[in-house]
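The values are calculated or read from the model by the stated rules, or taken from the named source; none is laboratory data. Treat the numbers as computed from the prediction; the structure is a model and nothing was measured. Note that we place each Cβ from the backbone using ideal geometry, even for glycine, and neighbour counts take in every protein chain shown.
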Amino acid sequence: MSLLLAVISLFSCFAYAPSQVEVLASSCYLYQNASFESQKVLDGENELILQHGDILTIIQADEKFYLVETENKIQGYVYKFYVSSVDNYYIYPSFNATVRNENAIVYDLEKSPTQIKAKAGQEIYLFEGYSSSNKFTAVQIVLEDGSLYNGFMLTTDIVPKGISSTLIIGISIIAAVATIVLSLVFIKKKKKTSGSKN
């Protein structure tokens with residue numbers, strides 16, 4: 001019985017031992033809370049930026065973010081698709097958009113142009129959503145070395161997959177307005193025609 005308890009306690013230690021992950025992204029931030037809207041973790045006076053290949057220890061796993069600790073003992077939340085298990089295959093997010101134009105420029109986190117160019121039709125991941133009214137859209141793109149680059153692209157260079165519910169509502173409103181306008185024009189013409197007969 002004591003041997004069974006020892007095995008169970010040993011297993012529980014392994015089960016709850018924090019796992020290590022490697023930063024898959026070219027660079028990314030640590031956040032104070034599990035949200036992109038949260039404030040970024042600081043290293044001194046500057047925002048801490050993790051680099052590709054950095055090793056992190058997972059403290060807690062949430063739905064979309066991991067609470068992690070860096071090798072310098074700094075804690076914060078990192079987006080789960082920015083990292084991959086050490087000694088494991090890279091796990092990429094489900095791509096939800098493609099590049100519209102050939103040699104589209106990829107911008108860095110400060111929205112300055114980089115030397116990276118995306119090919120037309122290349123799949124990308126929009127991790128903060130898509131809005132045609134924004135000049136830039138936050139993207140993740142797989143580079144030739146297999147790393148996942150986080151940056152921005154011009155929204156005009158992006159084709160989101162599928163039709164958003166907002167677009168469907170917009171089309172419905174436009175169709176309804178067009179129907180009303182056409183109806184009013186038809187009624188006016190009919191009144192003019194009937195008036196000229198009298």
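For beta carbons closer than 8 Å, sequence separation of 6+ or different chains, a first residue in segment 42-62 that is touching a residue at least 60 places away in the same chain (Cβ under 8 Å) and not assigned by TED's automatic domain parsing to the domain that holds Gln75 and a second that is surrounded by 12 or more Cβ atoms within 10 Å (Cβ to Cβ) and not in a loop (DSSP other than H, G, I, E, B), there are no qualifying pairs. Picking from residues in segment 48-73 that are loosely packed, with under 13 Cβ neighbours inside 10 Å and acidic (Asp, Glu), the one that is modelled with the highest pLDDT is Glu71. Looking across segment 134-143, the residues that are modelled with pLDDT of 90 or more and not aliphatic (A, V, I, L, M) come down to Asn134, Lys135, Phe136, Thr137.
For segment 152-167, residues that are of a type in the set (Gly, Ala, Ser) and either at pLDDT 90 or above or assigned to a loop (DSSP other than H, G, I, E, B) (or both) total 2.
Residue under question is Thr179, and the condition is that it be assigned to a helix (DSSP H, G or I), at pLDDT below 90, outside the structural domain of Ser27 (by TED's automatic domain parsing) and surrounded by fewer than 11 Cβ atoms within 10 Å (Cβ to Cβ); does it hold? The answer is yes for Thr179. The residue that is nearest to Gly53 (Cα to Cα), counting only those in segment 102-132 that are assigned to a loop (DSSP other than H, G, I, E, B) and free of Cβ contacts under 8 Å to residues at least 12 places away in the same chain, is Glu110. Sort out which residues of segment 81-101 are buried (at least 19 other Cβ atoms within 10 Å of the Cβ), modelled with pLDDT of 80 or more and within 14 Å of the chain's Cα centre (by Cα), and write them in order of number. Selection gives Tyr82, Val83, Ala97.
When segment 101-156 is filtered for residues that are on the phi > 0 side of the Ramachandran plot and touching a Lys or Arg at 6+ places or on another chain (Cβ under 6 Å), only Asn103 remains.
Considering only segment 4-20, I want to know if a residue exists there that is aliphatic (A, V, I, L, M) and at pLDDT 90 or above. No, segment 4-20 contains no residue that is aliphatic (A, V, I, L, M) and at pLDDT 90 or above.
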